Amino acid sequence: MMKEYSKEEARHMLCRYHNLDGAEPLCGKKGVEKIMQRIHSIQYDPLNVIARNADLVLQARVKDYRESVLYDLLYKEHKLVDGFDKEMCIYDAKDFARFQFVRNEYEKYALPTLKNRNQTGVFNILDDVRDFVEKHGKTGTKDISIGEVRESRWGHKKLSSAALDYLFNTGVLTVADKRGIQKYFDLTERVIDSKNLFCDPNMTVEEFLEWYVERRIQSVGFLWNKTGGAWQGRFVSENELRSSTLQALVEKNRVEEIEIEGIEEPFYISKQSKKFMRNQDENSYVRFLAPLDNIMWDRQMLETLFDFTYRWEVYTPVEKRKYGYYVLPVLYNDQFIARFEAEPIHKAGKFIIKSWWWEPEVQPNDEMRTMIVNEIERFTEFLQIENSQNNTVKLGV
C-alpha cells in the first residue's frame, strides 16, 4: 500500500524540504553547501533583471546569502561547477566524474549539430585550442581567434569559440571564471580536484542511471513520472528508460512511491530525502521565488499541487504577455498568493515593484501584508540596494 498524503501535506513537505519556510538555520556559505548537497543542481540562466536565477534560488533558502558566496564556491574554491544537467546548471564538483556519461552523449551527437552549422572544421583545431589554453591559462572567446570567422545565425561565429564550447561540453575544459556572462575556460585538471575527475571505470550505465534518476528526484523533492520540465536532459527525458529505472529504484528500496489525494499519478520520493521533510513547528513566512526555481521545474505538477499557473514570459512577445517580462512568484505559508514584476535593478538603482498581481482567490489581510513587507526588506538586503517606499503602496499598506 502506497502512503497517501493530502495536497496540503505534500505542499508543506516540499517547502520544508527546500527550506523555504526557513525552519532550518541554513546561513551563508555553509548554508549554500548544505542545500546544494540536498538538491544537487540549480539551473543557470544569464538574465540579470533583478538577480540571476541561481542567486534567486539560493536567497530563498539560505539566510544572509550574497552573490559573492556563489562566485567564491564556483570560481575560487571550485566546490561547485558549471555543467549540463537539466539544462546548463550549477552542481557539486563531486558529481563531475559521473557526469562523464552525459558528456559522452554530447560527444556522440555533436557532429550532426556542427554539420548543420557548417562548423565541422572545429575538429581540425581542437588540439591547437587546447594547447592555447594550456599555455595562456584562463581563456575567454575574446582572447583567442583560431580558424575562420563567419556570420552565423546559430552558434558561434568564430571557429575557435565553437571549439572552446566543444571542449567544455566534453570535459576537457571547465569554466574557471566568469565575468558577467563571459566564461573563461581552463584545463579541467587545473580546476577540479583530482579525486573528482574520473568516473569509476566499473560503473555500468544502469548504475549511473539509478544514481541520476534518484538525484533528479532529489533536486525537486518528489516527482511524478510524467514528461515535463523536471525530466529534461540526457537519459531522463526518455520515457521507457526513465520508467524502467524508477521501477528498479523502487525494487531496491531506494525510492518510494507515494500517493497525493486527488491525483491519479503516483509520485516518487528518495528514501534519503524523507528526513528533510519531517514536520517542523509551523511559522509564517513569505518568499520571492526565481522563475526557474527547482520546485517550478515541472509547471504542470506545480499547477496540480498548488493551483498556481505560471508561465515564464521572457520569450513571449510583449503584446501576448499576460503579466510581464521577468515575473517572480510570491509564496506565503506553502501557497502562492501573488506574483510581481520589478523594474530592472541596473536601471532603477533601487528595488521598485513595477506591477503586483494577487491570485484571484486570495484575500489579503494585515498579517499577510506585514509578512510581505518583511520579505521585501530581507530581499533588498540580499540585493544590497535601497527599497523604494512606493512598494508598500502597491500592497495597499
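What the table shows:
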quantity	calculated
Selection status of V172, over 30 Å from L14 (Cα atoms), crowded, with 20+ Cβ neighbours inside 10 Å and of a type in the set (V, I, T)	no
Options S273, S284; residue that is surrounded by 12 or more Cβ atoms within 10 Å (Cβ to Cβ), touching a residue at least 24 places away in the same chain (Cβ under 8 Å) and in a loop (DSSP other than H, G, I, E, B)	S284
Test: residue in region 366-383 that is in a strand (DSSP E or B), hydrophobic (A, V, I, L, M, F, W, C) and touching a strand residue (DSSP E or B) at 6+ places or on another chain (Cβ under 9 Å)	no
Boolean, L74 is in a helix (DSSP H, G or I), at pLDDT 95 or above and touching a Leu at 6+ places or on another chain (Cβ under 7 Å)	yes
Residue list for region 293-324, restricted to those being in a loop (DSSP other than H, G, I, E, B) and crowded, with 21+ Cβ neighbours inside 10 Å	D293, W297, D298
Cβ-Cβ under 8 Å pairs, at least 6 apart or on other chains, region 101-122 side on the phi < 0 side of the Ramachandran plot and exposed (fewer than 13 other Cβ atoms within 10 Å of the Cβ), far side outside any helix (DSSP H, G or I) and modelled with pLDDT under 95	L111/T120; N116/W154
Test for L209: is it within 30 Å of G140 (Cα to Cα), of a type in the set (A, V, I, L, M, F, W, C), more than 19 Å from the chain's Cα centre (by Cα) and at pLDDT 95 or above	no
Odd one out for E341 among (1) open to solvent by less than 30 Å² (accessible area, probe 1.4 Å); (2) closer than 22 Å to D64 by Cα	(2)
Conditions (1) within 21 Å of the chain's Cα centre (by Cα); (2) on the phi < 0 side of the Ramachandran plot; number of the one not met by S160	(1)
Sole exception among (1) over 25 Å from the mean Cα position of the chain (by Cα); (2) open to solvent by less than 20 Å² (accessible area, probe 1.4 Å) for S244, by number	(2)
Failed item in (1) more than 26 Å from R52 (Cβ to Cβ); (2) among the aliphatic types (A, V, I, L, M); (3) open to solvent by less than 70 Å² (accessible area, probe 1.4 Å), with A162 passing the rest	(1)
Members of region 1-48 found to be closer than 20 Å to G83 by Cβ and either open to solvent by 30 Å² or more (accessible area, probe 1.4 Å) or in contact with a strand residue (DSSP E or B) (Cβ under 7 Å, 6 or more places away or on another chain) (or both), listed by number	E33, M36, Q37, H40, S41, I42, Q43, Y44, P46, L47
Enumeration of residues in region 158-181 that are in contact with a Phe, Trp or Tyr (Cβ under 9 Å, 6 or more places away or on another chain), assigned to a helix (DSSP H, G or I) and in contact (Cβ under 8 Å) with a residue 24 or more places away in the chain	S160, A163, L164, Y166, L167, N169
Residue list for region 321-358, filter: under 25 Å from the mean Cα position of the chain (by Cα) and of a type in the set (D, E, K, R)	R321, K322, D334, R339, E341, E343
Residue within region 139-150 that is closer than 24 Å to V69 by Cα, open to solvent by less than 80 Å² (accessible area, probe 1.4 Å), in contact (Cβ under 8 Å) with a residue 24 or more places away in the chain and part of a loop (DSSP other than H, G, I, E, B) present	yes
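The values are calculated or read from the model by the stated rules, or taken from the named source; none is laboratory data. Bear in mind the structure is a predicted one, so any value in this text is a computation, not a measurement. Please note: Cβ atoms are built from the backbone with ideal geometry, for glycine as well, and neighbour counts cover all protein chains shown. Surface areas here come from the heavy atoms of the whole protein model, side chains and all, with no ligands, DNA or RNA. Shrake-Rupley method; radii C 1.70, N 1.55, O 1.52, S 1.80 Å.
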